[in-house]
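Remarks on the structure that follows.
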Amino acid sequence: MAMKKFAYILALTLTVALVTVNAETPVAIPDNQVSGIVVGANGEPLVGATITVEGTNICTGTNSRGEFQLRLEKDKVYKLHISYMGYVSRVLNVPASGHPPLRVSLKPSSTPLDEVVVTGSRSERPLKDVPVITRVISREEIEAINPVDFTSLLENTLPGVQFYYNTMSQVPEITYQGMDAKSVLFLLDGERISGESGNSNIDYSRFSVDEIERIEVVRGAASTLYDSRAIGGVVNIITKKSFRPFNGTLNARYAGKNGQSYTATAGINLKKFSSLTSFGFRKRDTYLVKDDKGKVQETINPDGSVTKTETKPTAGYIYGYDIMDVSQKLSYHFTERLSASVRMSYYTNKRDTYSGARHHQKYEDLILSGKLKWLFADNQNVELTFVRDLYRKDNVYNLVKLREEVYRNINNTLRMYYTGTFGRHIVSGGVDFLREDLKHHFMKDSAMRHMNQLSLCVQEEWHITDNLNLVLGMRGDKGDGYKFHFTPKISAMYRPVKDITLRAGYSQGYRIPNLKELYQEFNMGGVIMMYGNKNLKPENGNQVSVSAEYDHDNLNVSISAYHNRYKNKIGYEYIDPSKSQDMQYTNSFNVKTTGVEATANYMFPFGLRLSGAYAYVHDYDKRDGYNMSWLRPHSARFGAIYKHRFGKTVESVAFNSQWVSRITRYSYNSTEKTYTRYVYEPRTICSINFRSELPRGINLGLMIDNLFNYKDKAADTAVQLPENGITVVATVGINITDMLKL
């Protein structure tokens, strides 16, 4: 029923959009009009450059000839911000009338710090001026890597990220900077994502790489404006928007055993109305990872002796997917200062289960959201947002007409935020109300439970001098059954000289137990009972981070360090191991991690860009001196991309590699009081990607992924998603708008 309603809304929206585009009624052009063309350093038109009018909600993009046109309400001088990916942005003061057409020339950027970000403060600013430590994965970087899916994208761009395969739920799970998914907040266009209350990890297959414009990753000290639990970081996925007058694209990716994907988008941005419609299909087959021989394991006995045994060869299925997703974004500017936007999206994934099963799993997600933004005074605005996100999993039986709902998570969020600039002070604050409902087959009688949470936040960014910024914030959270709790943060940025930037931050984390941890009551295999615990305490955490960055001419180098400390970490413990193997959630762990990360980027004048990063994470998870951690302590990445224009075409070649270190860990048998040693070997994955940007909006690509044919062992899926050998990937992109010169 929900799908039918959504299809009807989408069809109606497309009809309205087509009528708007094809209307032949002449429209009077107001006198207050600014027009122009945006070009690159060599005079070539920049297609899709963005022009934003400061102090308004007006934003437009250039057409296939690099031209733009703005219709303004007042006869005054406006400030225009002109930006384009890979170029240095410009700011121009332009009168609304009487000015000849502009010719704006942008220079190529030699540093990633020219990127504009929003996550750290909920307001746009260049990355170089953000007080909190932030990493941006740009659209250009995504195209150079050409990842098969979202998890591959993060693994190739963020050292310290580790995805592994949960052999029970058979879905990917994440750790970042040594922190699990409970401490890492994923956002979609700044909004929280449902589906976390089941196993704390969201469904990473929900994100189509083709729809992502950029990803902003904020480390620590960002919890004030989003969620108090985000001590491990915030990953904000920014999707594409419709800025050009007309925009239509088709993209196809074929990777053989690693799947295929197809995406189509259609958008307009005319006068006060804009629309973007996208449709995607992705498919990958299930495959078997099989070891030829087992591993030799060492068991350390209580008396110190060592027993060696060879395990049997391991095999396991990595289940594929059959995904369809569709989304619709609409926005309307009532005036220069009052605008509204609506987003609707639907995702479905048909997925196999274990071998020989008589049913498959179906995942669905439906998002309905609306936002009203009002700039009620100069440099002051308020946003009112409502989001409903419904995520569910069903078992669908193959031989009979039976569909069993095993999981449903609904987030209804109402939020109001204010931002105002007063001289050197930027003040932000707001209130969130979240109602979360969860139905889970791990709960008694698959019952539906709910929790209400109220959050208040306030933050001030003080530009003490031109070279010193200070951010102070406080967030308060009140969940059902728990007292109001405040978490502070402080971060600072100091630029002693032009080319050096120093940052430091401290933040606290606070996570109320989720509904599964509170109310679970599940019989696993008819042998072990797994219980929740209504007496759980919230988790509390602290993070301290520092960084230093050097940026001069074409060189950018940074190094950062952090320390996380968590108390009352929630995990499983045996209730009474002398009587049974039954387990219960308890506040049983205190967690500490320390890490260092270094990055370097250099842009040569002839079009070659080199980038590298290294991360070290130390997890203090030891028992009797034995390492119990699943984390690989060292990871690194290296990338090189050469891009050059030959006449009317732009050719590029990109080489990307990622490396992770060996890990030795132990498991403890409480019954036998023994330790078993496991060794996971290091791995290096490389790829080379050729891309050709042809005239008329045609892009062709060919990539060799996993260049040296590395294959993971089935026994090692607990520490990483398995690679299954070399893959040849072909991509085709067609911009219909550029092809038709619209």
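The values are calculated or read from the model by the stated rules, or taken from the named source; none is laboratory data. Computed from a prediction, not measured in an experiment: that's the story for all the values here. Cβ: placed from backbone, ideal geometry, glycine included. Neighbour counts: every protein chain shown. Heads up: the accessible areas ignore ligands, DNA and RNA and are worked out on the full protein's heavy atoms, side chains in. Shrake-Rupley method; radii C 1.70, N 1.55, O 1.52, S 1.80 Å.
Roughly how far apart, in whole Å, are the Cα centres of the range 681-738 and the range 82-96?
Here the two parts' Cα centres lie 35 Å apart.
In sequence order, what are the phi-derived ³J(HN,Hα) couplings for the range 445-451 according to the Karplus relation 6.51 cos²θ - 1.76 cosθ + 1.60 with θ = phi - 60°, rounded to whole Hz, with x for glycine and proline?
Karplus-based 3J(HN,Hα) across the range 445-451 equals 6, 6, 5, 9, 10, 9, 9 Hz.
If you wrap a convex hull around the Cα atoms of the range 144-186, how much volume per residue is inside, in Å³? Kindly include the intermediate steps, with their values, before the conclusion.
Numbers: hull volume 3.5 nm³, N = 43.
In the range 144-186, the Cα hull volume divided by residue count equals 81 Å³.
Obtain the radius of gyration and the Kirkwood radius of the range 136-218 from its C-alpha atoms and give Rg over Rh. Present the calculation step by step, with values, prior to reporting the outcome.
On the way: Rg = 12.5 Å, Rh = 13.4 Å.
Across the range 136-218, the Cα-based Rg/Rh ratio is 0.93.
Ratio of alpha-carbon Rg to the 2.2 N^0.38 Å globular estimate for the range 547-668, to two decimals, please.
Here the answer is 1.64, to two decimals.
Please tell me the relative contact order of the chain in percent, rounded to the nearest whole number, where contacts are Cα pairs under 8 Å and at least six residues apart.
Rounded, it is 11 percent for the chain.
Mind putting a number on the dipole of the chain about its Cα centre? Charges go on the C-beta only, +1 for Lys and Arg and -1 for Asp and Glu, and I need it in Debye to the nearest 20.
580 debye
What FRET efficiency, computed as 1/(1 + (r/R0)^6) with R0 = 30 Å and r the Cβ-Cβ distance, is obtained for residue 317 and residue 271, rounded to the nearest 0.05?
0.05
For the range 507-599, take the alpha-carbon Rg, divide it by the Kirkwood Rh, and send me Rg/Rh.
The Rg/Rh ratio comes out at 1.25.
When you count, for each residue, the other Cβ atoms within 10 Å and take the mean per peptide, how do 642-651, 450-459 rank with the highest first?
450-459, 642-651
Any idea how far apart residue 376 and residue 138 come out in nm if each label point goes 7 Å out from Cα toward Cβ?
3.8 nm
In a Debye calculation with equal point scatterers on the alpha-carbon sites of the range 300-349 and no solvent, what is log10 I(q)/I(0) at q = 0.23, 0.29 Å⁻¹?
-0.94, -1.06
Please give the charge dipole size of the range 465-592, origin at the Cα centre, charges +1 on K and R Cβ atoms and -1 on D and E Cβ atoms. Round to the nearest 20 debye.
With only Lys, Arg, Asp and Glu charged at Cβ, the dipole is about 400 debye.
Any chance you could run the full-extension gain for residue 620 through residue 561? It's 0.36 nm times the residue separation minus the Cα-Cα distance, nm to one decimal.
19.6 nm
Per 5 Å bin, what percent of the C-alpha pairs of the range 249-391 does each bin hold, from zero upward?
2, 7, 10, 11, 11, 10, 9, 8, 7, 6, 5, 4, 3, 3, 1, 0
Give me the extension gain from residue 684 to residue 358: residue separation times 0.36 nm, minus the current Cα-Cα distance, reported in nm with one decimal.
Stretched out fully, the residue 684 to residue 358 stretch lengthens by 113.6 nm.
Output ³J(HN,Hα) for the range 671-676: one whole-Hz value per residue in order, computed from phi by the Karplus curve 6.51 cos²θ - 1.76 cosθ + 1.60 with θ = phi - 60°, and x for Gly and Pro.
Karplus-based 3J(HN,Hα) across the range 671-676 equals 6, 8, 6, 10, 10, 10 Hz.
Rolling a 1.4 angstrom probe over the protein heavy atoms, how many square angstrom per residue are accessible across the chain?
46 Å²
Can you compute the label reach from residue 77? Point 7 Å from Cα along the Cβ direction, backbone N cut-off under 19 Å, restricted to the range 34-58.
34-35, 52-56
In the range 556-607, what trypsin sites (Lys or Arg not before Pro) fall in a loop by DSSP, with at most 16 other Cβ atoms inside 10 Å? Mind showing how you got there, number by number?
Working: sites: 565, 567, 569, 579, 592; in loops: 579.
Filter output for the range 556-607: 579.
Given labels modelled 7 Å from the Cα in the Cβ direction, how far is it in nm from residue 728 to residue 530?
Each label point lies 7 Å from its Cα, and together they span 4.3 nm.
Using Cα atoms only, what is the angle between the long axis of helix 2-22 and the major principal axis of the chain, expressed in degrees (0 to 90) to the nearest 10?
20 degrees
If each of residue 402 and residue 41 carries a label point 7 Å out from its Cα toward its Cβ, how far apart are those two points in nm?
Taking the two extended label points, one gets 6.7 nm.
Once neighbouring chains are kept in place and the probe is 1.4 Å, which whole percent of the accessible area of the chain is contributed by carbon and sulfur?
The value for the chain is 57 percent carbon and sulfur by accessible area.
For the range 384-542, go through all pairs of different Cα atoms, get the mean of 1/r, take its inverse, and jot down that Kirkwood value in Å.
That comes to 19.3 Å for the range 384-542.
Can you tell me the FRET efficiency between residue 694 and residue 600 if r is taken as the Cβ-Cβ distance and R0 is 41 Å, rounded to the nearest 0.05? Intermediate results must be reported in sequence, preceding the final value.
Numbers: r = 33 Å, r/R0 = 0.80.
That pair, residue 694 with residue 600, gives E of 0.80.
For the range 111-201, build the charge dipole from Cβ charges (+1 Lys, Arg; -1 Asp, Glu) around the Cα centre, then report which of 119, 154, 172 sits farthest towards its positive end.
119
Can you work out ³J(HN,Hα) from phi for every residue in the range 701-717, in order, using Karplus 6.51 cos²θ - 1.76 cosθ + 1.60 and θ = phi - 60°, giving whole Hz and x for Gly and Pro?
Running phi through 6.51 cos²θ - 1.76 cosθ + 1.60 with θ = phi - 60° gives x, 9, 10, 10, 9, 6, 3, 9, 6, 6, 10, 7, 7, 4, 6, 9, 5 Hz.
Roughly speaking, what is the stretch gain from residue 447 to residue 711, that is 0.36 nm per residue apart minus the C-alpha to C-alpha distance, in nm to one decimal?
Net length gain for the segment: 90.8 nm.
Starting at 0 and stepping by 5 Å, how many percent of the alpha carbon pairs of the range 627-742 end up in each bin?
2, 9, 14, 14, 13, 10, 9, 8, 6, 5, 3, 2, 1, 1, 0
Put +1 on the Cβ of every Lys and Arg and -1 on every Asp and Glu Cβ in the chain; which of 287, 339, 717 then has its Cα farthest towards the positive end of the dipole?
339
Which of the peptides 504-511, 715-722 is most tightly packed, and how do the rest follow, judged by the mean count of other Cβ atoms within 10 Å per residue?
Packing order, densest peptide first, comes out as 504-511, 715-722.
Percent relative contact order of the range 457-615, based on C-alpha pairs within less than 8 angstrom and at least six residues apart?
It rounds to 15 percent for the range 457-615.
Across every pair of different alpha-carbon atoms, what Kirkwood hydrodynamic radius in Å does the range 379-420 reach?
13.5 Å
Taking Cα pairs under 8 Å and at least six residues apart, what relative contact order does the range 463-556 come out at, in percent? It would help to have the intermediate numbers written out before the result.
Working: 158 pairs, mean separation 22.6, N = 94.
Here the relative contact order equals 24 percent.
Quick one: Kirkwood hydrodynamic radius for the range 197-283, alpha-carbon pairs, angstrom, one decimal? Could the numbers behind the result be given before it?
Values: mean 1/r = 0.0638 Å⁻¹.
Mean inverse Cα-Cα distance, inverted, gives 15.7 Å.
Residues with beta-carbon under 11 Å from that of residue 35, excluding residue 35: net charge, scoring Lys, Arg +1 and Asp, Glu -1?
Local net charge: +1.
Test of understanding: express the Cα radius of gyration of the chain as a ratio to 2.2 N^0.38 Å, with N the residue count.
0.97
Once R0 is set to 25 Å, what does the formula 1/(1 + (r/R0)^6) return for the Cβ-Cβ distance between residue 332 and residue 93, expressed as a FRET efficiency to the nearest 0.05?
Working: r = 28 Å, r/R0 = 1.10.
After rounding, the FRET efficiency stands at 0.35.
One-quarter of the Cα convex hull surface for the range 422-480, in nm²?
Projected over every direction and averaged, the Cα hull of the range 422-480 covers 5.8 nm².
Using a 10 Å cut-off on Cβ atoms, rank the peptides 415-423, 596-604, 303-311 from the highest mean neighbour count down. Intermediate results must be reported in sequence, preceding the final value.
Working: 415-423: 15.2, 596-604: 17.6, 303-311: 9.1.
Packing proxy ranking, top to bottom: 596-604, 415-423, 303-311.
Along the positive direction of the dipole of the range 43-159 (beta-carbon charges: Lys, Arg +1; Asp, Glu -1; about the Cα centre), which of 46, 60, 130 reaches farthest?
60
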